[in-house]
Structures are given as structure tokens and as C-alpha cells.
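The structure appears below as C-alpha cells.
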């Protein structure tokens, strides 16, 4: 029995072969053993999870349990959960305790999922390695010297390490799919508006998506069905009906058209990753899929456009964290003492411009943000403020918005010819801790294949390619489908999952 498989776990619970309190205790034991090395969980909810398990076990016995009964989950610290800290892995929110549940959390609980704890992440979801965090880096369960990916590194690592069935992460430019690729699990980014963002502490509001990380495509479909749908608390959530995603996977179609974008398979791509992704495509072709080469000519501008637009939105969204309205507040006495010392020093030198010093409130604001935010968050706030400033708005922000529209048009044209698009998830496997921290550009380029889906608002998923790279690390294959075409996305991913595991001992649900 694979206790990290949702459907099989539920079957054993229903038959009485497995006890839910015992299952939760097993996960807690695994966390106690492995989390000190992996560092995925930041807060555990042991007593609450066990109490919840006993209550749901009674409902299972009575036949009244919800569809997610027996599903044990972790939640990324960017999502609000009433009564628990939602720190975003930042000193700025280190003491913030949520007073309400995010809609996705509420929906999981309503369907009897059990939340076992909170998960590490890059600060305010800004990062690709889960090294920008007040909790210390998340280590890849498959090699503790390597990163887990980011920003949902804790979410991916927890699933890969068998610490829970599934987790929720957020994806602004690849933050679900890239760590899923690095850790060898499934990571699904729904279409923009498919899942409510209410209760998600925003990074970039027009990019952010919430989605599941799981051990199989089927399990991802189960969680997506649970959290998707219109929410009156989020005006950007869609009224599109939510299909029964798991039921649709009972009959996987192979007669699909798969687009292979030449821009994603250029000579710069690592030959080993190219070979593994193409092997998956060719195996799908053997099962009946049609492979078609396509062009997405404006993708070459995607990284630049993304880091203009996303940082601009971050600059605006994070302005509220100033130590006065929200977040960490510097010591006012220390601020006043600092200003007094500066004033006295200026007067001692005969400089009477002390009146030009900051007011105590302005200095408090500056000092609070200086202390509260880490280096990567400060970098993105400054970049975003710059591109929105007078004289630069049209040259940067306005131009990036036009590029965003062109990229969306490229995808629209492609999806008029193909059902899904296949690509690598990341240009490399998980790299060693610390190797890219001082090179922001190289770090940003790890998202080169994922950010376009966020720019266009479409859905994407990363699944393991089936074989590890020569360095022993997992390789991820990404599929993308048009907005609100998650059924086609999941179908293609399940087909690929089936051909990737054919002839192996691994049998996904």
C-alpha cells in the first residue's frame, strides 16, 4: 500500500484495512524523522490533525465522510489558515497570525481533508531555490546538498519525502512546476481565475495561481476539483463550471495533438533534458498522439516582460507592509535616538541642514522595511518601483504589457492547432545549494520555460519524465493547455505518466 496515494488510501480506509489516526501518526513520525534534514515543514499541527483524524474516522465509519476524507495535506505559508502564522517566510510577517481561512483552505476542510502543517517557501514567494527564507533553505529529499526549487520548495519536498499525500503551493512564474520538477513530483498550475486567490498573500496579483503538488496526475485532479470554482470573495475567480476531473481521467484519450515549440528546444537546452522530454513525446506518439512543431515567436521576450510586470505588481502589493499599517515595526526609541545622533553630529560639524533629516515617522517606515524584508524581496521591490516611476513607465511597464499580449496571442494561435504543448519544465535539474544565490540573473533563468504560462493566464503541469538525469536527479516534463482546458492538460499528463511508468514498478493511481 502506497500511503501517499489518495485513492488507494481512501479505499483502505473505507474497507477498514487502515485507520485514519494511525495514518496521520505515520505521517507525523515520518516528519519527525526526515524534516530536520529536509526542512519542509515550518509549523506542525499535531494535536489538531490527530483530533481531526479521529472525528473523520467516525464519519468514514458512518458513511458520511467528504470526498477528501483520508487526504493528509500541507499548506504553503503564503496561504492564510485561521489561528496559524502566515509568515510568507519573512521577518516582516514573522508574528502575523491569520484571522481567517483562505478559500482553498476552507474548501479542503469542508471536504474533510486533514491539514498536518505549514510549509517553507521563498520569502513572499520570490525565489527559485527556497533559499530566501527566515526558516533556512529547504533541501531536496533526493540529495540534501541540492535545492528543492522555489518558491514552493517546501510543498514539493514534503510530497517527495512522503510526509503527506499532497500540498498546496502558489505559482507566479513557475513556483509550483519548477520545484515539482526538481523534486520528482507532480505540480499543477491552474488557469488564472480557475482557483480563488482569496487568502493568498499576494506577490503579483495578475500572475498568482494556487495549485496542488502530488505524487500522481490523478491525485492532482482530485485536489483541483476540490479547490476550483467561483468565489464571491475573489472578483477575478471564474464562473466557468468545474468539470469532474478525476472521472474524466478514467478514460484517457491518446488521439491528441501535441505541439513542440521550436523556441523551447533550441541548441541552448541541455542535450540530456532535451532527449528525455522528446522520449516522452515519442512514447505518446506511439500510443496515438500526433506531434506537431509549432512556433511561439515572442517567447524570447518572456523573461524580461515577466520581471518588469511581476516586480511592478510586487512593489505595489508590498507597499502596505510598512511597519505602521502592517508587518514588522522597527524600535521607535532606537529610531529617534539614531536621528538625534545624526542631528548632533551635523551640528557639531557646523552643518545646519539637520532640518533635511527624515521625520521620525519616515525613518520608522524606512527602518521597518529595511529590517523586515530580505535581499531578494528588496531587489524586486526596487526594480518594480523603478519601472513604474515617472519617465520610465511607458518605456518599461507599458512595453512589457504589450509583449504580454503578444505572447498570449502566440498561445492562442498555437492552441487553434494543438491540444497541448510539451516542453522541459526547467533548463536544468536541481542545482547545489548556494551556487546561484549571488547571481540573480542565472536564478531567474531557471524559470525560463514556466513563466510564459503565467503571462498568458493558461494552465500548466509538470510531471516526472520517468528516468533520472545522469546526476541522479529527476527531470520534469511540462505540458501547457489553453485557459480553462485543464481537462485536456490532465489527460495529456496522465497519458505521459502512463507511458513513463510502463514497464516499471511505479504504478500511479
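A short reminder: the numbers here are calculations on the coordinates, not readings from a lab. These numbers were taken from a predicted model, which means no experiment stands behind them. Positions of Cβ are generated from backbone atoms using ideal geometry, with glycine treated the same way; all protein chains shown enter the neighbour counts.
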Q | Share of pairwise Cα separations in segment 189-272, more than 18 Å, in percent | A | 58
Q: May I ask you to derive the relative contact order of segment 302-392, considering only C-alpha pairs under 8 Å and at least 6 residues apart, and to give it as an integer percent?
A: 48
Q: Just grab the label-to-label distance for residue 37 and residue 326, each label 7 Å out from Cα along the Cβ direction, in nm (one decimal).
A: 3.8
**Q.** Highest to lowest packing among 445-457, 233-245, 36-48, scored as the average C-beta count within 10 Å
**A.** 445-457, 36-48, 233-245
(Q) Cut-off is 10 Å between beta-carbons; in what order do 473, 361 appear when sorted fewest neighbours first? (A) 361, 473
Q: Compute the projected area of the convex hull of the Cα atoms of segment 422-506, averaged over all viewing directions, and report it in nm² to one decimal place.
A: 6.6
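Provide the percentage of antiparallel DSSP beta bridges, counting only those with both residues in the chain; round to the nearest 5. Intermediate results must be reported in sequence, preceding the final value.
Working: 29 of 44 bridges.
Beta bridges within the chain, antiparallel portion: roughly 65 percent.
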**Q.** Nearest-0.05 FRET efficiency for residue 370 and residue 502, computed from C-beta distance (R0 56 Å)
**A.** 0.55
Q) Sorted by packing (mean other beta-carbon atoms within 10 Å per residue), highest first, where do 166-173, 90-97, 335-342 land? A) 166-173, 90-97, 335-342
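So what is the 222 nm mean residue ellipticity for the chain from helices alone, if each DSSP H run of at least 4 adds -39500 (n - 2.57) and you divide by all residues, rounding to the nearest 500 deg cm²/dmol? Could the numbers behind the result be given before it?
Numbers: 17 runs with 204 residues, N = 509.
-12500 deg cm²/dmol, from helical runs alone.
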Q: Grab the Cα-Cα distance for residue 82 and residue 100, subtract it from 0.36 nm times how many residues apart they are, and report the gain in nm with one decimal.
A: 6.0 nm
Q: Highest first, please rank the peptides 150-156, 201-207, 270-276 by the mean number of other Cβ atoms sitting within 10 Å of their residues.
A: 150-156, 201-207, 270-276
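Hey, what D do you get for segment 302-392 in µm²/s if you plug the Kirkwood alpha-carbon radius into Stokes-Einstein at 10 °C and 1.306 mPa s?
Translational D for this selection: 106 µm²/s.
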Q.
Please compute the length gained on full extension between residue 382 and residue 470, using 0.36 nm multiplied by the number of residues separating them and subtracting their Cα-Cα distance.
A. 27.7 nm
(Q) Just to be sure I understand the model, the point goes 7 Å from the Cα along the line to the Cβ. What's the resulting residue 344 to residue 15 distance in nm? (A) 7.9
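Quick check: convex hull over the Cα atoms of segment 230-304, volume per residue in Å³, rounded to an integer?
Numbers: hull volume 13.3 nm³, N = 75.
For segment 230-304, the hull spanned by Cα atoms encloses 178 Å³ per residue.
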Q) Taking neighbour Cβ counts within 10 Å as the exposure measure, how do 116, 461 sort from fewest upward? A) 116, 461
Q: Rank the residues 88, 183 as a footprinting-exposure proxy: fewest other Cβ atoms within 10 Å of their Cβ go first.
A: 88, 183
